[in-house]
Amino acid sequence: MDLAMQQQKAVQLRADIIKMLYLAKSGHPGGSLSSLEMMMALYYNVMKVDPKNPKWEDRDRFVLSKGHSCPALYAILADLGYFPREDLWHLRQYGCQLQGHPDCKSTPGVDVNSGSLGQGISIAGGMAIAAKYLKKDYQVYTIIGDGECQEGLVWEAAMSAAHYKLDNFTVMLDHNHLQIDGDNDQVMGLGDIMKKFEAFGFTCYKVEDGNSIEAVVEALRKPHNGKPKFICCETVKGHGVSYMENVAGWHGKAPNEAEYLQAMKELGVEIDG
Amino acid sequence: MAEKQASRVAYGEELLAQGRINEKIVVCDADLSQSTMTCKFAKEFPDRFFNFGIAEANMVCAAAGMAHSGLIPFVSTFAIFGSARAYEQIRNSVAYTGIPVKFVLTHAGLSVGEDGGSHQTIEDIALFRTLPNMTIFVPADAIETKKMVRAAIDIDGPVYIRASRPVMPCVTEEDTPFDPYKAAVLREGKDIAIFTCGLIIDESLKAAERLAQEGIDACVVNFHTIKPFDNETAVEIANRCGAVITAEEHSVIGGLGSATAEALAGHSSAKFARVGIQDKFGSSGTPARLFHEYGIDADGIVAACKKLLAE
Ligand SMILES: Cc1ncc(C[n+]2csc(CCOP(=O)(O)OP(=O)(O)O)c2C)c(N)n1
Ligand SMILES: [Mg+2]
């Protein structure tokens, strides 16, 4: 699929995310919409995976460390055929394989549980260490949030990734500048995040438009230089739905019916029942 | 009867009220102030409110530093992250020295609902209960929550108050006395006793109503304080009724059920069973559906009572 078509697909997946959350009546739209293109860059362009064989030993690994953004991941996994798209409409319901936060025991294609911020990046680092030890050449990718960077665990993971020279490990930051209580700077400022990861021993790249699949793919293809790689993607929280964009209040709230209809209209997507 | 209110909302209100009369009170949160409701205090007292961002371990130790400096810090976040994530910090920096850090952690238990198992603490009481010097309160309703906040300030040591997300009906009155060291009988009965706490009190009262229709006279007791546990009341009522069920929104391991079993062992020959989460994790769903599926709603309690009495 060429990049123009992927950008078109992003519109449909965005609509799927909104519909999922509308039907679930809860969940996290803001961070799902900001990180959608980052995940699409991985799943449609870079990662070696096989939807028919989710547990394929040599697949690249992906850990959604900011686990609350799983609606975006679920929309992609359904599109790739890991499970029927129909399942998306049962998100967060009792007995559904799509849990409120990623659960690898119930969802095909989810490599690791997450939802408790800070832990995913650490687990991903462990997977990269294991790949080296097992002499496997798969890559490990993780997406973290900017609020998540406040967790000490993120920095413990960063230190060990550099120490073990994990040049098979890529940490992507969804830099949407918002968390729950407001701006990062207002809650607990991150300072110069590029310099921090650089100081921790990462090869760092910045993507000015993290909601452009093409721009993210370009950064993903850049060299590691023998180190773990950090990609700071500048994104817009709530990207693509006007009233959600850059509004902290849309972190963890589902749209009501009127908001759902407005979002679909803005996206130009037909409501398919 | 008073209006329905979530315990976390009552906490936010009482924290603000106490903040107005006690300057030593400071508040720490970890990017969840609008959910834990510490936002009310933050708005009126911005210089006494400290948002540590998403960094629970640092928040707990910083609160310990504040307590060592003569302040009374209230620490709030979701119960899962405030208990388990920062547990070793709570143990060594707070409980070990017995300093007065007050943990009011919200969104405990299955009643978090749709967020799923990663966010549903079923083990927080067990964790806190094993810590020497710790006091543990589980509020019955909004009114009792406020009394607990005041009691926590008076206690010279660490306290955990387990608050929850959903709106709760009121099962106590403003003038119901709150003795932190005495369990409170909510309904008298002679055939079986239901020892319960928190959101499951309402389910237990409903269960008692239904049992009454079948001629079973159940007594319902609010064990709002899990530690120190009111062993005396537990033994006395158990021996009087001859059968005891514990019912809680927590694992049967380490919570009210365990505390009761420990109290009764060697002091009562009453029949005994525990209603609670049977050693498994939570999952996504509405709170009502989860309570039903995990057997901790009125249906589950009625069934457990009948089974025990038939044994
Ligand atoms: C350890 C932990 N603490 C608190 C939370 C509650 N929580 C969920 S999302 C969130 C904010 C995340 O902000 P950010 O990392 O910036 O995510 P994004 O903006 O990409 O959604 C918080 C505090 C959590 N999930 N895990
Ligand atoms: Mg953010």
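The values are calculated or read from the model by the stated rules, or taken from the named source; none is laboratory data. Being a predicted model, the structure only gives us computed values, none of them experimental. Glycine gets a Cβ as well: all are built from the backbone with ideal geometry, and neighbour counts include every protein chain shown. What goes into the accessible areas is simple: the full protein's heavy atoms, side chains included, and nothing from ligands, DNA or RNA. Shrake-Rupley method; radii C 1.70, N 1.55, O 1.52, S 1.80 Å.
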Please grab the % of Cα pairs in the range A:89-202 that end up more than 18 Å from each other. 56 percent
Averaging 1/r across every pair of distinct alpha carbons in chain B and inverting yields a Kirkwood hydrodynamic radius, in angstrom, of 19.3 Å
Once fully extended, how much extra length lies between B:Ala84 and B:Asp175, figured as 0.36 nm per residue of separation less the alpha-carbon to alpha-carbon distance? 29.3 nm
Can you give me the relative contact order of chain B as a percent, contacts being Cα pairs under 8 Å and 6 or more apart? 18 percent
Please report the antiparallel percentage of the DSSP beta bridges confined to the range B:5-168, to the nearest 5. 10 percent
Would you look at the GNM of chain A, springs on alpha carbons closer than 10 Å, and say which of A:Pro29, A:Pro228, A:Pro51 moves the most? A:Pro51
Treat each spin label as a single point 7 Å out from the Cα along the C-beta direction, and report the A:Glu214 to B:Tyr96 distance in nm. 5.7 nm
Among B:Ala163, B:Ala17, B:Ala193, the residue with the largest mean-square fluctuation in a Gaussian network model of chain B built from Cα contacts under 10 Å is B:Ala17
Using only Cα atoms, find the angle between the long axis of helix A:119-133 and the longest principal axis of chain A, and express it within 0 to 90 degrees, rounded to the nearest 10. 50 degrees
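Please sort by residue number the trypsin sites (Lys or Arg not before Pro) in the range A:218-262 whose DSSP state is loop and whose Cβ has at most 12 other Cβ atoms within 10 Å. The partial results should precede the final answer.
Working: sites: A:Arg221, A:Lys229, A:Lys237, A:Lys253; in loops: A:Arg221, A:Lys237, A:Lys253.
Sparse-neighbourhood loop trypsin sites (Lys or Arg not before Pro): A:Arg221.
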The range A:3-267 - charge dipole about Cα centre, Lys and Arg +1 at Cβ, Asp and Glu -1, debye rounded to 20: 760 debye
In the full protein assembly as shown, how much of A:Cys149 is accessible to a 1.4 Å probe, in Å² to the nearest 10? 10 Å²
Using only C-alpha positions, report the orientation-averaged shadow area of the convex hull of the range A:1-46, nm², one decimal. 3.1 nm²
With no solvent term and unit scatterers on the alpha-carbon positions of the range A:3-267, Debye gives log₁₀ I(q)/I(0) at q = 0.11 Å⁻¹ of -0.54
Helix B:7-21: angle to the longest alpha-carbon principal axis of chain B, degrees 0 to 90, nearest 10? 40 degrees
Sequence-separation-based contact order of chain A, relative, with Cα cut under 8 Å and 6+ spacing, percent: 24 percent
Calculate the spin-label point distance for A:Met159 paired with A:Tyr94, positioning each point 7 Å from the Cα along the beta-carbon direction, and give it in nanometres. 4.5 nm
Ranked order, A:Arg61, B:Arg240, B:Arg20 - accessible area, probe 1.4 Å, largest first: B:Arg20, B:Arg240, A:Arg61
Evaluate the range B:184-310: find the radius of gyration of its Cα atoms, find its Kirkwood radius, and give the ratio Rg to Rh. 0.94
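Between the DSSP loop rule and a limit of at most 13 other Cβ atoms within 10 Å, which chymotrypsin sites (Phe, Trp or Tyr not before Pro) in the range A:180-251 are left?
Details: sites: A:Phe197, A:Phe200, A:Phe202, A:Tyr205, A:Phe230, A:Tyr243, A:Trp250; in loops: A:Phe200, A:Phe202, A:Tyr243.
Those that pass, being in a loop and sparsely packed, are A:Tyr243.
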Counting residues in the range B:138-179 as N, plug N into 2.2 N^0.38 Å and put the Cα Rg over that result. 1.17
For B:Ile155 and A:Ser26, extending 7 Å from Cα along the Cα-Cβ vector and measuring point to point gives, in nm, a value of 2.8 nm
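Using only Cα atoms, what Kirkwood radius does the range B:5-168 have, in angstroms?
Numbers: mean 1/r = 0.0662 Å⁻¹.
Over the range B:5-168, the inverse of the mean reciprocal pair distance is 15.1 Å.
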Distance from a point 7 Å along Cα→Cβ of B:Ala288 to each backbone N in the range B:1-42: keep the residues under 18 Å and list them by number. B:4-6
Cut-off 13 Å, label point 7 angstrom out along Cα-to-Cβ of B:Lys190: give me the residues of the range B:203-222 whose amide nitrogen falls inside. B:216-219
Could you check what % of the DSSP bridge pairs in chain B are antiparallel, to the nearest 5? 20 percent
When only alpha-carbon atoms count, how far does the protein assembly as shown stretch along each of its three principal axes, as whole angstroms with the largest first? 76, 54, 50
At 1.4 Å probe radius, can you tell me the per residue accessible area of the range B:184-310 in Å²? 38 Å²
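Which of the pairs A:Lys66/A:Lys132; A:Lys25/A:Lys105; A:Lys196/B:Lys40 have their Cα atoms more than 29 Å apart in this structure? Don't skip to the answer; put the middle values down first.
Values: A:Lys66/A:Lys132 25 Å; A:Lys25/A:Lys105 24 Å; A:Lys196/B:Lys40 34 Å.
In this structure, A:Lys196/B:Lys40 exceed 29 Å between Cα atoms.
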What's the extension gain from A:Gln12 to A:Ala258 if we count 0.36 nm per residue and subtract their Cα-Cα distance? 86.7 nm
Please report the spacing between the Cα centers of the range B:166-222 and the range B:18-52 in Å, no decimals. 33 Å
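List the GluC sites (Glu not before Pro) within the range B:111-202 that fall in a DSSP loop (any state other than H, G, I, E or B) and whose Cβ has at most 16 other Cβ atoms within 10 Å. List each step's numbers first, then the result.
Details: sites: B:Glu114, B:Glu123, B:Glu144, B:Glu173, B:Glu174, B:Glu188; in loops: B:Glu123, B:Glu173, B:Glu174, B:Glu188.
Counting only loop positions with at most 16 other Cβ atoms within 10 Å, the GluC sites (Glu not before Pro) in the range B:111-202 are B:Glu173, B:Glu174, B:Glu188.
Beyond a 18 Å Cα-Cα separation, which of these cross-linked pairs lie in this structure: B:Lys206/B:Lys306; B:Lys182/B:Lys306; B:Lys4/B:Lys206?
Values: B:Lys206/B:Lys306 15 Å; B:Lys182/B:Lys306 28 Å; B:Lys4/B:Lys206 16 Å.
Among B:Lys206/B:Lys306; B:Lys182/B:Lys306; B:Lys4/B:Lys206, the Cα-Cα distance tops 18 Å for B:Lys182/B:Lys306.
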